[in-house]
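Colleague: Have a look at this one.
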Amino acid sequence: MDQQQAQERAKNLRELLNQYSYEYHVLDKPSVPDAEYDEKLRELQDLEGEFPELITEDSPTQRVGGEPLEGFQKVQHNVPMLSLGNAFNHQELRDFARRATGGTDEPIAFVCELKIDGLAVSLTYENGKFVRGATRGDGTTGEDITSNLRTIRSIPLSIKETERLEIRGEAFMPHKSFLSLNEAKEENGEEPFANPRNAAAGSLRQLNPKIAASRNLDIFLYGVGEWEASELESHSERLERIKQLGFKTNPQWKKCETIEEVIDYVTHWEAERNNLSYEIDGIVIKVDNLDQQEELGYTAKSPRWAIAYKFPAEEVITTLTDIELNVGRTGVVTPTAILEPVRVAGTTVKRASLHNEDLIREKDIRIGDTVVVKKAGDIIPEVVRSVADKRTGKEEEYHMPDACPDCGSELVRLEEEVALRCINPNCPAQLKEGLIHFVSRNAMNIDGLGEKVIIQLFQENLIHTIADIYRLKREELLELERMGEKSVSNLLEAINVSKGNSLEKLLFGLGIRFIGSKAAKTLAEEFETMENLQNAVDEDLIAIDEIGDKMADSIVQYFSEEKVAALLDELRELEVNMTYLGRKRKTAENEEASVFAGKTVVLTGKMERYTRDEAKEQIEAQGGSVTGSVSKKTDLLIAGEDAGSKYDKAEKLGVEIWDEEKLQEALER
Ligand code: IVH
């Protein structure tokens, strides 16, 4: 075959293969057996092997060929990729419709679409070729994931539209791919993905496109960014057009003439969502007419012409097999439900806090009960109620014990508190928790001294009090299990470094009741030395704006204890710093006072009150730095709704986790 013939044949094969691929992956209607596709693909590969100059960018052989990348380039979105406001019930949908008609009774048509739970992406075509694929990122700047997106077979590498076109949609992992991927991961002893969304996002953020290629991802396209196809008048026409161009659109969309029709659609899919082969987390409702869309316009974060109806939190049923008690640092004894492991909203739940006995009564929860479990804010597992109908008579009512499960001393219920407390100051469980608190990030921040090591040291009788931490010896540490030369050296170094911490860290670490890290900072700034604070009386303390009566009383009470004075003397002797060092660096005043100063923060999940960008900006303005992934260096995770693997990882690493409300409180302080 000469060059000319080869070129013709290659072109012919490419067209055929692209057609077969379109029929298979986009239309779901293959016209030829797989073997025929494979045979033609092999022929093309051979031809391209012989005449490499014939390889084109959009050749089906080029879907998986990409070399691993060093990192992802940033991509600017000329038209921002916005998010959507939420509606949680039918009334909020009716309110949305009323806003859309400007409070009139004018009829207005909507398009309803399934809200696919994956990763929003943008695809750009120039001269009919797929040139760039990007993540949404913060809406303005995303990451270039072209080589990974090329591996998704339902994304056409070329289209019959030469005008520049940027089109948007949701890349996702179908249930089937998700299940087999997790099965394989588990077989390899790897951590499975929490849900298909994390799996899709994780796959598309791989630097090696071969990995993405092996993950069987798919995509539905639902909108346009930049596109001058002005002859179209409505979103529904756009969807049709997108489909005609060869893109995969979700077939379940529906044009609804009234909001009641929208509500029927929503109700239908709420019941049917589990019969789909992919995950959806709600319904997106869009005003159909494009002029009307334009008139309605945008808020800073989202269009006024669209809204996302979120399905209520998933509730599942399981058995409560036992109730376990945990004794906290302050002696509060908390009952925790032990559950028959069950999957809820993408993760396996085995335990859930029951908070206190009153709540157990209120929810009428008994050991052995069938219970309803959900994730509050889709994050924290919660026992909603028991299912009394399912009782066999063998269930046992639960009563909190009179004695501390750890030290056996009597539990008391303090005035105005629902919680029971162990007030034995020498209770081992409390001491242990107190030590864990002392070394934690916001306190003395001793790296390498996590919960597990503390428990180990405690059990080996190497530490009982805070001061003991500073007396640990190399030889005794080396004798411990899993402690090599290197980790012992690192640990001793970290302990030594912590001696130089500014006063507020020590103050917070002592675990004085009602004194959080913010109050500790205020006290350190005001009193400058531990000695001054030890000598302070109620009036001195109350004179400070941020210190209320309860805090003042607690401080005075704490420092009046002989044991405390002795502990502080010991710490002085061990050369633990007891003065306020302030910040050496010159910074804006607001940075000084902020809880975010010097902290490494990670944002995850969906937030209602801030866009990612806003949250990042405000945290940074207060001296924190925001990074993309959770590691040992992370100080704080802000978890919005539907937080996934970052949440799990943060939990595993013992990183402090806040919800959006807490973030708002801190930012507005
Ligand atoms: S429209 C400005 N349609 O939901 C309009 N979004 O918060 C933006 N999503 O980031 C999106 N399915 O990742 C739209 N049929 C659909 C969708 C959809 C899933 C996601 C998308 C977006 C988020 C909205």
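Values in this text are rule-based calculations from the coordinates and carry no lab data. A quick note: this is a predicted structure, and the numbers were derived from the prediction, not measured. Don't worry about glycine lacking a Cβ; one is built from the backbone with ideal geometry, like all the others, and counts go over all protein chains shown.
Colleague: Modelled label-to-label distance, Arg351 and Glu228, 7 Å Cα→beta-carbon offset: nm?
Modeller: Here the answer is 6.2 nm between the modelled labels.
Colleague: Can I ask one more? If you stretched the chain out fully between Glu573 and Gln5, how much longer would it get, using 0.36 nm times the residue separation minus the C-alpha to C-alpha distance?
Modeller: Full-extension gain reported as 195.6 nm.
Colleague: A further question follows. Taking amide H positions as placed in the peptide plane 1.01 Å from N, state which residues far from Val75 in sequence (5 or more) or on other chains have amide H under 5 Å from it.
Modeller: Gly142, Glu143, Asp144
Colleague: Something else now. Assuming 0.36 nm per residue, please report the length gained on full extension of the stretch Gln73 to Leu290 beyond their Cα-Cα distance.
Modeller: Net length gain for the segment: 74.8 nm.
Colleague: For Lys452, which aspartates and glutamates qualify as cross-link partners when the Cα separation must be under 13 Å and same-chain residues fewer than eight apart are set aside?
Modeller: Of all the aspartates and glutamates, those that pass the test against Lys452 - Cα under 13 Å, at least 8 places apart if same chain - are Glu433, Glu460, Glu481.
Colleague: Could you tell me how far the Cα centroid of the range 355-433 sits from the Cα centroid of the range 104-168, in Å?
Modeller: First find each Cα centre; the distance between them is then 49 Å.
Colleague: Within 10 Å, count the other beta carbons around each residue, average over each peptide in 86-92, 404-410, and list them highest first.
Modeller: The most tightly packed comes first, giving 404-410, 86-92.
Colleague: Still on this structure, please answer the following. May I ask for the net charge around Phe178, where only other residues with Cβ less than 13 Å from the Cβ of Phe178 are counted and Lys, Arg are +1 while Asp, Glu are -1?
Modeller: 0
Colleague: Can I ask one more? Could you please report the charge total around Ile515, scoring K, R as +1 and D, E as -1 over all other residues with beta-carbon less than 14 angstrom from its beta-carbon?
Modeller: 0
Colleague: Can I ask one more? Using the Karplus curve 6.51 cos²θ - 1.76 cosθ + 1.60 with θ = phi - 60°, work out ³J(HN,Hα) for each residue of the range 248-261 in order, rounded to whole Hz, and write x for Gly and Pro.
Modeller: Calculated HN-Hα couplings, in order: 8, 10, 7, x, 7, 5, 8, 8, 10, 8, 9, 5, 5, 5 Hz.
Colleague: With a 10 Å radius around each residue's Cβ, average the other Cβ atoms per peptide and rank 638-644, 441-447, 269-275, highest first.
Modeller: 638-644, 441-447, 269-275
Colleague: While we're looking at this one, here's another question. Give the relative contact order (percent, whole number) for the chain; include only Cα pairs under 8 Å separated by 6+ residues.
Modeller: Result for the chain is 9 percent.
Colleague: On to the next question. Over 30 Å between Cα atoms: which of Lys350/Lys390; Lys129/Lys606; Lys518/Lys633 fall into that group?
Modeller: Violating the 30 Å Cα-Cα cut-off are Lys129/Lys606.
Colleague: What shape does the range 304-448 take by its C-alpha gyration tensor, where a ≥ b ≥ c are the square roots of the eigenvalues and a/c under 1.5 counts as rounded, a/b above b/c as prolate, and the rest as oblate?
Modeller: Values: a/c = 2.22, a/b = 1.29, b/c = 1.72.
Cα axes put the range 304-448 in the oblate bin.
Colleague: Can I ask one more? By DSSP, what percent of the beta bridges with both residues in the chain are antiparallel, rounded to the nearest 5?
Modeller: Around 85 percent of the beta bridges assigned by DSSP in the chain are antiparallel ones.
Colleague: I've got another one for you. Where does the chain land at 222 nm, in deg cm²/dmol rounded to the nearest 500, when only DSSP H runs of n ≥ 4 count, each adding -39500 (n - 2.57), divided by all residues?
Modeller: After summing the helix terms and dividing by residue count, I get -10500 deg cm²/dmol.
Colleague: Find how much the distance from Glu493 to Glu186 grows on full extension, using 0.36 nm per residue of separation minus their present alpha carbon separation; answer in nm with one decimal.
Modeller: 106.8 nm is the gain from fully extending Glu493 to Glu186.
Colleague: Ordered by packing density, taken as the mean number of other Cβ atoms within 10 Å over each peptide's residues, highest first, how do 161-172, 390-401 rank? Could you put the intermediate results ahead of the total?
Modeller: Working: 161-172: 20.0, 390-401: 11.9.
Listed from highest to lowest mean packing, they are 161-172, 390-401.
Colleague: Here is a further query. For Ile338 and Asp389, FRET efficiency with R0 = 22 Å and r from the beta-carbon atoms, rounded to 0.05? If you can, show how the numbers build up before the last one.
Modeller: Numbers: r = 22 Å, r/R0 = 1.01.
So the FRET efficiency works out to roughly 0.50.
Colleague: Going by the alpha-carbon gyration tensor, a ≥ b ≥ c the square roots of its eigenvalues, is the chain rounded (a/c under 1.5) or, if a/c is not under 1.5, prolate (a/b greater than b/c) versus oblate?
Modeller: Prolate, since a/c reaches 1.5 and a/b exceeds b/c.
Colleague: Add +1 for every Lys or Arg and -1 for every Asp or Glu among the other residues with Cβ under 10 Å from the Cβ of Ile155, and state the total.
Modeller: +3
Colleague: Another question, then. To make sure I understand the rule: partners must be lysines, Cα under 24 Å from the Cα of Lys254, and not fewer than 8 residues away in the same chain. Which ones qualify?
Modeller: Here the lysines satisfying the reach criterion relative to Lys254 are Lys29, Lys115, Lys243, Lys286, Lys310.
Colleague: Here is a follow-up. In whole angstrom, note down how far apart the Cα centers of the range 640-654 and the range 538-567 are.
Modeller: 36 Å
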